[in-house]
Amino acid sequence: MALRLQHLRKIRQLTQEQLADLIDCSHATISRWETGERLPDAEDILKLAKALKVHPGEIFAPLPKEADLTDAENRAVSLARQMTPKTRSTWFQVGGSLAQSVQTPKSPGRAAPR
C-alpha cells in the first residue's frame, strides 16, 4: 500500500506537502504512510481517495510491474518521469502522432516466378 500511495501521488504530480494540505494532515504523516511506517485509518483512506481522484480500493491495488515492460518501454518510462509536466504532455502528443503515422508493414508475398 505504501508504494502504491506514493505512485498515485506522483502520478497526480503532488508533493507530500500538497497532498497533506488536501486531506488536512502533516506531510510527516504522508511520509510515514509512504514508507510503510504507519497505515492510514479508514477515514484517511477515503480522504486520500478523494484527493487522488481514485476509488479507495485503488490505493491498495498492486503497482504496475515494470519488469513486464520491454527495455525500450522502461527507458521511455524513466525519461517521462524526468520531464516537466508540459514537456511530458508534448512528448506524448508527438509520440501519439508518430504512432498513428506508422503503418504496419504487410507480410512479404511470394515473388512471381520468372
In the stretch 58-78, which residue that is part of a helix (DSSP H, G or I) and farther than 16 Å from Ile11 by Cβ is modelled with the highest pLDDT?
-> Arg75
Gly95 vs. criteria at pLDDT 80 or above and either more than 14 Å from the chain's Cα centre (by Cα) or of a type in the set (Lys, Arg) (or both) = no
Tell me which residues, restricted to the stretch 1-47, are farther than 25 Å from Pro85 by Cβ, part of a helix (DSSP H, G or I) and hydrophobic (A, V, I, L, M, F, W, C).
-> Ala28, Ala42, Ile45, Leu46
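The values are calculated or read from the model by the stated rules, or taken from the named source; none is laboratory data. Quick caveat: nothing in here was measured; it's all calculated off a predicted structure. Cβ sites come from the backbone with ideal geometry, for glycine too, and all protein chains shown count toward neighbours.
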